[in-house]
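The structure under discussion appears below in the form of structure tokens.
The values are calculated or read from the model by the stated rules, or taken from the named source; none is laboratory data. Nothing here was measured: the structure is a model prediction, and the numbers come from that model. Cβ placement follows ideal geometry from the backbone for every residue including glycine, while neighbour counts extend to all protein chains displayed.
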Amino acid sequence: MNPVLGDGNSSSRLSPNDEGRSVTINLKSNRKDSPMVQSPPKLLTLEEFLELPETKPASEYIDGAIIQKPMPQGKHSILQRELSLALTTTLRSDKTAQAFPELRCTFGGRSIVPDIAIFRTQHIPRESNGDVANLFNLHPDWTIEILSPNQSHTKVVRNILHCIDHGTEMGWMLDPEEHCIFVYDSDKSVQLLDNNEMVLPVPKFAQTVQLRVGEIFDWLKA
């Protein structure tokens, strides 16, 4: 029978091995550690979020959470640059609208930064001297997002639908890897365009914009 040794705090059993030596095995401990109590992190209000310094890449405020956008990579950057230029060239010629890349738009309890936000000229906030204002506390008339590698497709769609819920006329989501474009209409219907010859639907105010799917993704070869 193996002896049991105790010190009041723990009990150990001595087991003989093949050479007569013994090995101490801890069987029980009466030590009680106090559980660590952690307070849940305090959620920032939208107003508190807007007081924070801007980050690079930009951070968005969505349902009380702060979510930083992914750093743009090569395909994303080229598509954003070329599409912004194409839209600006077409829409500014008749002063219909303007395209704003990476513009913070705060409305409906969220603060988001679409890759490209298009505003009708009459909806662009202005200062008393006529200059474009810095703060855009309203929804874009047309929102365009470009998927980055490993970016959540669902989060991007939710931002587009949030815009549409608050009056945005149309949303585009470009997928550079699949060479396709999802078009979200004001009634939340969705079209998938993946044929290079397809002409992309545009909002009514932007009918002068005529772009084909293949034309957009050809920019990646330039």
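Tabulated data for the structure shown
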| read-out | value |
| --- | --- |
| Residues (surrounded by 19 or more Cβ atoms within 10 Å (Cβ to Cβ), assigned to a strand (DSSP E or B) and in contact with a Pro (Cβ under 6 Å, 6 or more places away or on another chain)) located in region 157-203 | M170 |
| Residue list for region 77-99, restricted to those being of a type outside the set (K, R) and farther than 18 Å from T208 by Cβ | S77, I78, L79, Q80 |
| Pair list, Cβ under 9 Å, 6 or more apart: region 195-222 residue free of Cβ contacts under 8 Å to residues at least 60 places away in the same chain, other residue among the hydroxyl-bearing types (S, T, Y) and in a helix (DSSP H, G or I) | Q210/T90 |
| Test: residue in region 35-57 that is modelled with pLDDT of 95 or more, of a type in the set (S, T, Y) and either closer than 30 Å to H179 by Cβ or within 21 Å of the chain's Cα centre (by Cα) (or both) | yes |
| Members of region 79-127 found to be assigned to a strand (DSSP E or B) and either touching a residue at least 60 places away in the same chain (Cβ under 8 Å) or farther than 19 Å from I164 by Cα (or both), listed by number | A97, T106, R110, S111, I118, R120, R126 |
| Residue check for L135: at negative phi and touching a Lys or Arg at 6+ places or on another chain (Cβ under 9 Å) | yes |
